[in-house]
DNA sequence: TTGTACGCGTTATCAT
DNA sequence: ATGATAACGCGTACAA
C-alpha cells in the first residue's frame, strides 16, 4: 500500500509542498484551479496528513483536553457532550482521554500539552492527590470539575475548581432521612480510606448529620464495600447489603453514596423479603438517569451537571483568553425525593 | 514556564542528545552514572518528551487502536478492559478513541495509523457503512467486533469480524416468548431504518419468529422510538411504551431490542398499573449488569462479550504477526431467563 | 561509551 | 500566486 506524503502529492501535481499545504489548510493565497487539482489528487491517492508532524510544527492548536478519571462512569458522558458543544462554539478542538484509576492525570496532562499544543485542560472526576509543585509544572491553565476535595495547602491562584460540596450534600440527604423519622440509618460507602475521596467526603456528611441530631453512630451500620470489587458497581452494592443483612443489625433506612450501589442494595433487600420503602427506605447519590426508571424510583442527590459542565468550559476559555482569573465555585445540589423513601409511621 | 527539550537537557548535563535519548529509552549502551545524572536533571527540570516528535520519527510503535462507536455505551467498557489486558500481555500499547455517531471511523483510523504508527485496529460497535474501496485504504489489519452486519459484497479476505448473529438471537428471544404462550408481542425498536443496523437486524429476527409460528404481524405492535430522542436511552423506551399504551392495542409481552429500552418501558407499564410479569412479560437484549439488579430482574439475551473481546484482541495480534488469516466468527448468545417474563396462564 | 548529523512530514517565512 | 527552505523535537546510523 502506497502511503503518500505531502511531498508525493506536490510532485504528482507538479507544485511545491507549500502550495499543497495551502490547499489543505484553506489558506487564501492560492489559485482556485490549483487548489482544485491538488484536492483531487489527494482524494485519488488517499493522502492523509500526518498529525504528529502537524502538531510538531504548529505553534498553536486551539485545542483543550478533557481528562476523565475512571471510565465506565456513565455519569460523565453528559458533561463531556456539553463541554464538546462549548468547544465547537469557540472553534476549539477537544482531546478526550480516559484514565485508569492508577494513572497519573498530571503526567498525562503534561504529555498531551506538548503533544497536542493544548491551551488548557479540564480534569473531570477522580481524587486530587498531587503536590503543588507538580501542579506548577503544567504550563497551561486548568480547571478541576467534580473532583474530590482539593487540599487547602495548595494555592488557589494556581487552579480553578467547580464542584458541589459533597460533604454538605451528603449531610442533606441524611438530614432528610432523619426528618422522615429514621434513626437507624445504614450507609454504604466506597473508597472511604483515601483522604479526599468522594466516598470519604460523603461519609463525613453522614457523620455530620447524625451528630447534629444527637444520634449515636453505630459502626455496624457503616458498611464499606470490599476492595476486591469494582468500586461503584451494582454488584458491589448488592454484596455489601447482603453482608449487612446477614449481620442482623437493625436499620430502617439505607443510604448508599452512589445510585449504582443503592440499586444493588435494593435488589439485596428485595431478595431478603424487605419491601422498599415499606420496610426500608433507600436513597442514593448522583442522580443518574437510571435512578428515575427503577421501581421504586430512587430518592437521590443530583448535581447540576449540565450547568457545571457548561461553566467549566466557559471558565477555562475565559482564563485562556485572559478575561478572568481562576475561580472556585461551589454549586448547590438538589435532593430528588422519589418513591424509595418514606416516613416512618 | 521553561519547557525544556532534549537538547536543553543534553546541554545541561554536558552530553549529546543521543545520550539523553538513550537514558530515556533504556538503551543498553550507556554509562550508569551518566544515565543517573541525566534522569535526575530530567526530573529536576520537568522534561517531558514530545510524543509528536517521537511518533514522527519512530518507524514502529507496537501499538493498536480501539475505535468505539457511540460512547455513553457502558456495554463496551468491559470489552475494552479485556482488550487492554491482552495488549499488556503482548507489550502493545492501546490507543482508545470514542467516536460520535456522525464521525467516520475509517477516516479516523487512517489518521491514527499515521499519527501513532499503529499496527492494527479494532472497530467496536456501530454500523458498517463503508465501501470496499475505502476499506482498502487502511494499511494495517483490522477486526470488527460486535458491529452490525457487514454487507456481503465486501471481500471477506479484507477484514476479520467477530459477532453474534443478531437476527438469529433476536428470533430466539421471540421464540421463547411464543413458547410461553404469548401471541400478542409488542416490539420496541430503535434505528431500524438503516439497512445493517443492530436495530434492523433484531427487528428482522422478530418477524422471523412470528412468521415461523404463523402469527400475523400487527404493525401497531411494532413501535419505533422517536428519532428525536437519545437512541438507546431509558427515556426513549419509556416514552415509546407510553405511546403504545395510549394506543390501546392489546399485548401480553413486550420485547425491547435493548435492555435500557426495556427498563424504560417497564417503568411506563408500572405507572400504567400493569404488573410485570403478571400482566405483561418484558424482555430485553444485551445482558447489561443492570438487567440483573432491577426488580423484577430482566429476561434478556447476553452475548459472550468477555470471550469475544479476548478473541478479538488475540485474533488481531495473530494477524499482525502473520500467524493467522482473517477470520469471520459468529458466537452463540445466551438467553437469560429471569423474573420479567412468564407463561400465559 | 559517547557525540554529530540527518531525516521523519509538516507549516511558516521569505523570496520570487 | 507560488516555491525553496528553515524550523519543530526526537531517534538513530555512523563516526569517534
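Rule-based calculations on the coordinates, nothing more; no lab input. Just so it is clear, the model here is predicted, and its values are computed rather than measured. Ideal geometry is used to build each Cβ from the backbone, glycine not excepted, and the neighbour counts take in all protein chains shown.
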### Query
Can you give the alpha-carbon Rg of the protein assembly as shown over 2.2 N^0.38 Å, where N counts its residues?
1.05
### Summary
Proxy exposure order for B:127, B:122, A:275 (fewest C-beta within 10 Å first) is A:275, B:127, B:122
### Query
Separation between the residue A:25 and residue B:45 pseudo-spin-labels, each 7 Å from Cα along Cα→Cβ, expressed in nm?
2.8
### Query
How many percent of DSSP beta bridges within the protein assembly as shown run antiparallel, rounded to 5?
10
### Query
Using a label point 7 angstrom from Cα along Cα-to-C-beta, what distances in nm, from shortest up, separate residue B:271 from the other copies?
3.0
#### Entry: Candidates A:176, A:255, A:45, ranked by Gaussian network fluctuation over chain A, Cα under 10 Å, top entry
A:45
#### Entry: Helix-only CD estimate at 222 nm, as mean residue ellipticity for the protein assembly as shown, using -39500 (n - 2.57) per DSSP H run (n ≥ 4)
-12500 deg cm²/dmol
### Summary
For the residue A:250, residue A:193 Cβ pair and Förster radius 22 Å, calculated FRET efficiency rounded to 0.05 is 0.25
### Label 7 Å beyond Cα on the Cβ vector: residue A:247 copy-to-copy distances, nm
5.0
#### Entry: chain B: most fluctuating residue of B:237, B:199, B:248 per GNM, C-alpha cutoff 10 Å
B:248
### Between helix A:75-89 and chain A: long-axis angle, C-alpha atoms, 0 to 90°, nearest 10
30
## Note on the structure
In whole µm²/s, the translational diffusion coefficient that Stokes-Einstein assigns to the range B:193-345, given a Kirkwood hydrodynamic radius over C-alpha pairs, 37 °C and 0.692 mPa s, equals 192
### Summary
Computed D for the range B:216-303, Stokes-Einstein, Kirkwood radius over alpha-carbon pairs, 37 °C, 0.692 mPa s, to the nearest µm² per second, is 255
#### Entry: Fewest-first ranking of A:75, B:142, B:2, using other Cβ atoms within 10 Å as the exposure measure
B:2, A:75, B:142
### Summary
Most exposed to least, judged by fewest other Cβ atoms within 10 Å, A:146, B:312, B:34, B:41 sort to B:34, B:41, A:146, B:312
### Inter-chain shielding of B:120-132 (mean C-beta neighbours from other protein chains, 10 Å cut-off)
0
### Query
Which residue of chain A is nearest the rotation axis onto chain B, counting by its Cβ, and what is the distance in whole Å?
A:52, 2
### Message
Mean-square fluctuation check for chain B, GNM, Cα pairs under 10 Å: which of B:315, B:56, B:201 is largest?
### Response
B:56
## Note on the structure
Convex hull around the C-alpha positions of chain A: the volume in Å³ per residue is 170
### Packing rank of B:279-286, B:95-102, where each peptide gets the mean count of other beta carbons within 10 Å, highest leading
B:279-286, B:95-102
### Query
Once you average over the residues of A:42-55, how many Cβ atoms of partner chains fall within 10 Å of each Cβ?
5
### Task
Taking chain A as the reference, fit the longest principal axis to its C-alpha atoms, fit the long axis of helix A:234-247 to the helix C-alpha atoms, and give the angle between the two in degrees, 0 to 90, nearest 10.
20
#### Entry: Nm distances between copies for residue A:218, ranked from closest, using label points 7 Å along Cα→Cβ
5.1
### Task
Mind pulling the angle between the C-alpha long axis of helix A:305-320 and the longest principal axis of chain A? Nearest 10 degrees, somewhere in 0 to 90.
40
